[in-house]
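Worksheet for the structure shown next.
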Amino acid sequence: MAVAAAAARVWRPGQGLGRAGLPLLRLLGAHGLARSYPRRWQRQQHFSSLDDKPQFPGASAEFIDKLEFIQPNVISGIPIYRVMDRQGQIINPSEDPHLPQEKVLKFYKSMTLLNTMDRILYESQRQGRISFYMTNYGEEGTHVGSAAALDDTDLVFGQYREAGVLMYRDYPLELFMAQCYGNVSDLGKGRQMPVHYGCRERHFVTISSPLATQIPQAVGAAYAAKRANANRVVICYFGEGAASEGDAHAGFNFAATLECPIIFFCRNNGYAISTPTSEQYRGDGIAARGPGYGILSIRVDGNDVFAVYNATKEARRRAVAENQPFLIEAMTYRIGHHSTSDDSSAYRSVDEVNYWDKQDHPISRLRHYLQSRGWWDDEQERAWRKQSRKKVMEAFEQAERKLKPNPNLIFSDVYQEMPAQLRKQQESLARHLQTYGEHYPLDHFEK
């Protein structure tokens, strides 16, 4: 009767025992409780199935009766999707994208032309001709494979190592050079650091230096596209280092909850400048984070241009059709220094770099594929390398000869009507140059 009395304290008229009394039911047993409170128990002996399941609004799960913490790696290593091996052989014929020869050759020429441009502009910085540069060595497959899977009108938000996306969209070499030299042909009028490209015609949003700021901006653009029924997707590129920024969390969460047609494309190249992935995170890379936000995710071999192409193409199709975000983590390796301000020999070995450069390079893999099909040979390779270098050098020399933009452009394109404070600064600069102009190379600037 003592247990029955306890049950009476948790029981309320018209409500029954509720969940607080369920342990007592198990202790006392239905029969004993029915003897103590026969009429009341008769009204409460049938529980709906919902009463046995959690009703919390913040999660979808079952109750358990064993204390157990979730392990960090719920899945023992997210697998890496690939289509061809390092020798350029298709592994599973059903995954072969069956691209025409012309398209695959464009892949190869875009990747190798980017590689040639990188080498020339890197050396030009070392010679003091430009102020800064960042190469794309080893990551060309992530750029070209993803760019080829998009529509030309899909909006691109890059970080600063996605020049290959513009290259594939036929951005002229002259404009690459103009931007790095900051001359009068630069679409940004010489205001940006080198490699901070942008092109409205090719739907490539101008790059900004701060890490990860493009991620929430891209989500906003994708949400706008969704509301406009634009039938387009936004792709946002970033590195695994940028994924540690708070903006990445905000972007992922907004994209999932607002159901935006966006592809988050992470280039996991092993290093955030000098910080290796082992010191960046403890979980299983970036793809493992997607399910926590409710984002469909995949990990691909970033050195396999066909794997990147297939994953991006399917993600694009579903993102537009279903209005939901996708996360692609492309596993690759940054063969070059982070930038011309970095010396990677201080934190990684030459042998490590040589392995990726000689044994698992995306350009070499695609070349093997082309040669195995009779679409490319050594003679064509030599001719193309010579031709591509000539094209880059012509654009390079042209950029060097051009004047810098007029200094007054520093003050334009910010306000529709120039405020008084900014006008004062412009007038102050004019007076300064009039007085001390002989100390500046004004003849190098457009009048």
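State all residues of region 396-423 that are under 10 Å from Asn183 (Cα atoms) and either open to solvent by 100 Å² or more (accessible area, probe 1.4 Å) or not in a helix (DSSP H, G or I) (or both); if no residue qualifies, say none.
Arg401, Lys402, Leu403, Lys404, Pro405, Asn406
Please specify each residue of region 51-95 satisfying the condition of being within 28 Å of Ala315 (Cα to Cα), polar (S, T, N, Q) and open to solvent by 100 Å² or more (accessible area, probe 1.4 Å).
Ser60, Ser76, Gln87
With over 17 Å from Asp118 (Cα atoms), at pLDDT 95 or above and among the aromatic types (Phe, Trp, Tyr) as the only criterion, which of Trp375, Trp384 stands out?
Trp375
Please enumerate the residues belonging to region 226-260 that are touching a helix residue (DSSP H, G or I) at 6+ places or on another chain (Cβ under 9 Å) and either without any contact (Cβ under 8 Å) to a residue 12 or more places away in the chain or open to solvent by 50 Å² or more (accessible area, probe 1.4 Å) (or both).
Selection gives Ala230, Asn231, Arg232, Glu245, Asp247, His249, Asn253, Phe254, Thr257, Leu258, Glu259.
In the list Thr112, Thr116, Thr153, which residue meets the criterion of being surrounded by fewer than 17 Cβ atoms within 10 Å (Cβ to Cβ), in contact (Cβ under 8 Å) with a residue 12 or more places away in the chain, at negative phi and not aromatic (Phe, Trp, Tyr)?
From the options Thr112, Thr116, Thr153, the qualifying one is Thr153.
Just one of Lys103, Lys109, Lys66 is over 26 Å from Ile328 (Cα atoms) and modelled with pLDDT of 90 or more; which is it?
Being over 26 Å from Ile328 (Cα atoms) and modelled with pLDDT of 90 or more holds for just one of Lys103, Lys109, Lys66, which is Lys66.
Let's see how each residue does on (1) open to solvent by 40 Å² or more (accessible area, probe 1.4 Å); (2) more than 15 Å from Arg161 (Cβ to Cβ); (3) at pLDDT 95 or above; (4) in contact with a Leu (Cβ under 9 Å, 6 or more places away or on another chain):
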site	(1), (2), (3), (4)
Cys180	no, no, yes, yes
Pro194	no, no, yes, yes
Arg202	yes, yes, yes, yes
Pro216	yes, yes, yes, no
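Suppose the filter is at positive phi and either surrounded by 15 or more Cβ atoms within 10 Å (Cβ to Cβ) or more than 23 Å from the chain's Cα centre (by Cα) (or both); does His143 pass it?
Answer is no for this residue.
Of all residues in region 168-209, count the ones that are among the β-branched types (Val, Ile, Thr) and without any contact (Cβ under 8 Å) to a residue 60 or more places away in the chain.
Going through region 168-209 one residue at a time, the tally reaches 3.
Taking Glu322 as the residue in question, decide whether it is modelled with pLDDT of 95 or more, more than 30 Å from Asn253 (Cβ to Cβ) and not β-branched (Val, Ile, Thr).
So Glu322 does not fit the description; no.
Spot the failing condition for Gly164; the list is (1) small (Gly, Ala, Ser); (2) out of contact with any Asp or Glu (no Cβ under 6 Å at 6 or more places or on another chain); (3) buried (at least 23 other Cβ atoms within 10 Å of the Cβ); (4) closer than 18 Å to Glu329 by Cα, and only one is missed.
(2) is the only condition that Gly164 fails.
Looking at Ile78 and the list (1) assigned to a helix (DSSP H, G or I); (2) touching a Gly at 6+ places or on another chain (Cβ under 8 Å), which single condition is not satisfied?
It is condition (1) that Ile78 fails.
From Lys189, Lys226, grab the single residue that is at pLDDT 95 or above, part of a loop (DSSP other than H, G, I, E, B) and not hydrophobic (A, V, I, L, M, F, W, C).
Lys189
The values are calculated or read from the model by the stated rules, or taken from the named source; none is laboratory data. Keep in mind the model is a prediction, meaning the values are calculated, not measured. With ideal geometry, Cβ positions are generated from the backbone for all residues, glycine too; neighbour counts draw on all protein chains shown. Accessible surface is based on the protein model in full, side chains and every heavy atom, while ligands, DNA and RNA are left aside. Shrake-Rupley method; radii C 1.70, N 1.55, O 1.52, S 1.80 Å.
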